[in-house]
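First the structure, in the form of C-alpha cells, and then the observations on it.
The values are calculated or read from the model by the stated rules, or taken from the named source; none is laboratory data. Note that this is a predicted model, so its numbers are computed, not measured. Positions of Cβ are generated from backbone atoms using ideal geometry, with glycine treated the same way; all protein chains shown enter the neighbour counts. Calculation scope for accessible area: heavy atoms of the full protein, side chains included, ligands and nucleic acids excluded. Shrake-Rupley method; radii C 1.70, N 1.55, O 1.52, S 1.80 Å.
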Amino acid sequence: MSEKFTKGMARNIYYGGSLFFILIFLGLTFHTTKEMPKRDHRHNITESVERGKELWEENNCVGCHSLIGEGAYFAPELGNVYVRRGGEAGFKTFLNGWMNAQPLNIPGRRQMPNFHLTDDEINDLAEFLKWTSEMDVNGWPPNDEG
C-alpha cells in the first residue's frame, strides 16, 4: 500500500462502502417483506380490527402504552394483554369493565383517562389487541406482565 491516501482511494472506499450497505439494505428489505406475511397473520385482519387500530391511534394509546415494544413505557405493554387477562373466555368483559372504571382515582398513582368509548368501540379495540397478541413477535414481551 502506498504511503499516501489519495483522492481516488477515498472515492473508491466511499463508493464501495456505499454499494455494500445499499446491497445489505435491499437484502434486509426483501427478507422482511417475504417474512412479514408469515408472522403478522394479515389474513386475520377484519373491519373490527381496523376500527380498533383507528381507536388506538385516535386516542393516542401509544403515548402511554407500548405495543410489541413500540411506544411509551409509562403504562403496561399491551401486546399480550389479551392472553394475560382472560383470552377468549373473558378478555372482552375485562376490557369493558376496565375502560368504564377509569379513572380509578388511586392516590399517588397516575390515572388513565376515561375515553367514554361505546361498547362497540371497546369490542373493536379488544379485537385489535387480540390480533396483536396472535402475531409472532419472537417472545416479546420478555415477561408475562409486559
Reviewing (1) 0.96; (2) 1.02; (3) 1.23, the figure for Rg/Rh (Cα atoms, Kirkwood Rh) actually calculated from this model sits under (3)
In a Gaussian network model of the chain with springs linking alpha carbons closer than 10 Å, the residue among GLY90, GLY17, GLY69 that fluctuates most is GLY17
Each label sits 7 Å from Cα toward the beta-carbon; between THR118 and VAL83 the label points are separated, in nm, by 3.3
For ASN143 and PHE74, extending 7 Å from Cα along the Cα-Cβ vector and measuring point to point gives, in nm, a value of 2.2
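Roll a 1.4 Å probe over the protein chains and send me the accessible area per residue for the stretch 92-146 in Å².
So the stretch 92-146 comes to 64 Å² accessible per residue, rounded to a whole number.
Please tell me the relative contact order of the chain in percent, rounded to the nearest whole number, where contacts are Cα pairs under 8 Å and at least six residues apart. Intermediate results must be reported in sequence, preceding the final value.
On the way: 143 pairs, mean separation 43.5, N = 146.
30 percent.
Apply 1/(1 + (r/R0)^6) to the Cβ-Cβ distance of ILE106 and ASN60, taking R0 = 30 Å, and write down the FRET efficiency to the nearest 0.05. Before the final figure, lay out each step's value.
Values: r = 22 Å, r/R0 = 0.74.
Taking R0 as 30 Å, the efficiency between ILE106 and ASN60 is 0.85.
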Within the set GLY16, GLY79, GLY71, GNM on the chain using Cα springs under 10 Å gives the largest fluctuation to GLY16
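Quick one: putting +1 on the C-beta of Lys and Arg, -1 on the C-beta of Asp and Glu, what dipole do you get for the chain around its Cα centre, in Debye to the nearest 20? The partial results should precede the final answer.
Working: 15 positive and 20 negative charges, 171 e Å.
Result for the chain is approximately 820 debye, rounded to the nearest 20.
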The Cα extents of the stretch 60-146 along the principal axes, largest first and rounded to whole Å, are 36, 28, 20
Listed residues LYS130, LYS38, LYS92; largest mean-square fluctuation, Gaussian network over the chain with Cα springs below 10 Å, found at LYS38
Amide H contacts under 5 Å for ALA75, restricted to residues at least 5 apart in sequence or on another chain and with H modeled in the peptide plane, are HIS65, SER66
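Student exercise: in the chain, how many lysine pairs 8 or more apart or on different chains have Cα atoms under 26 Å apart? Walk me through the numbers on the way to the answer.
Details: LYS34/LYS53; LYS34/LYS130; LYS38/LYS53; LYS38/LYS130; LYS53/LYS92; LYS53/LYS130; LYS92/LYS130.
Lysine pair count for the chain: 7.
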